[in-house]
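Remarks on the structure that follows.
The values are calculated or read from the model by the stated rules, or taken from the named source; none is laboratory data. Computed from a prediction, not measured in an experiment: that's the story for all the values here. In this analysis, Cβ positions are derived from the backbone assuming ideal geometry, glycine residues included, and neighbour counts consider all displayed protein chains. Accessible surface is based on the protein model in full, side chains and every heavy atom, while ligands, DNA and RNA are left aside. Shrake-Rupley method; radii C 1.70, N 1.55, O 1.52, S 1.80 Å.
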Amino acid sequence: MKKKTVVFSLLLIFALIILGGALFLRYAFSPTADDKRNLSFGDAELSVEIVNGSFVKPIIRTYELEEYQSFSEAKREKIQNQTLGKIEGDIPCVYLDGTKESLKFSFKKDGVKTKPDHDPEIQLTSYPVTTEDQEPERVITGSLLKDEKDEYFYMLYRYRTQYEKYFLETNCLQLSYEIDGRKYISIFSVHTSNPDADFFNNETLKEPIPPEKLY
């Protein structure tokens, strides 16, 4: 009887290990859930609309600026990595087709749509994505602009040298803004690409094309 109990316990432990492993793999290799995409750890919330690109919503993390600045470098890096998603296709791809507005922004405080006290500042970090690109990450800073409807927008460019007909860049963005005298920061990431090139029929360019924007 005792031997049967031991065997049953071992089988149960083995089954639990298999189940735990399956659940972990399912979580690790599945897209970020909708209810985990836009998380605010304060009373302000940022929404980002992709004007021309994939329908995937960006993964956004919003904090009060003072709290975010108190985080360790490792925790900030972890937050940024979260916004990059878990699998390919988990973050939106913006098509650089020359349209005026690449991203549109709206703000809420306590669930009510509102406007920042001043024009939000943006910091974009563009990372090398090919073996040919030996340049370090590039940081671009600026402010959001307003359209004729008094809505905020930002235009994205190609920030790296283009070595192939098809390109895909990775950009991490930080938006700093103030609402009712309180400062906030939102972090999210997007890919950028050219809509007129075919990934499956890609080819190396004879002459690399310099970045569209350097600062």
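Region 56-118 and region 165-215 have Cα centres lying 14 Å from one another. About the centre of its Cα atoms, the chain shows a dipole size close to 1400 debye [charges on the beta carbon of Lys, Arg (+1) and Asp, Glu (-1) only; nearest 20 debye]. Taking θ as phi - 60° and the Karplus parameters 6.51, -1.76 and 1.60, the scalar couplings of region 117-129 work out to 5, 9, 4, x, 9, 10, 10, 10, 10, 9, 10, x, 10 Hz in sequence order, x denoting glycine and proline. Qualifying GluC sites (Glu not before Pro) in region 115-213, where qualification requires a DSSP coil assignment and no more than 14 other C-beta atoms within 10 Å, comprise Glu132, Glu137, Glu148, Glu203, Glu212. Over the chain, DSSP H runs of length four or greater, each weighted -39,500 (n - 2.57), average out per residue to a 222 nm ellipticity of -6500 deg cm²/dmol.
For region 32-120, a crude dipole built from +1 on the beta carbon of Lys and Arg and -1 on the beta carbon of Asp and Glu, taken about the Cα centre, is about 160 debye to the nearest 20. Any idea what angle helix 73-83 forms with the longest principal axis of the chain, computed on alpha-carbon atoms, 0 to 90 degrees, nearest 10? Roughly 90 degrees between the two axes. Region 141-215 gives an Rg/Rh value of 1.09, both radii derived from C-alpha positions and Rh following Kirkwood.
What pairs in Lys86/Lys113; Lys100/Lys183; Lys109/Lys146 have C-alpha atoms more than 24 Å from each other? Over 24 Å apart, Cα to Cα: Lys86/Lys113; Lys100/Lys183. Which of Phe188, Phe107, Phe199 ends up with the largest GNM mean-square fluctuation for the chain, with Cα atoms connected below 10 Å? Comparing Phe188, Phe107, Phe199 in the GNM, the peak value goes to Phe199.
Ignoring ligands, DNA and RNA, please state the percent of accessible area on region 51-155 from carbon and sulfur, probe 1.4 Å. Its accessible area is 47 percent carbon and sulfur atoms.
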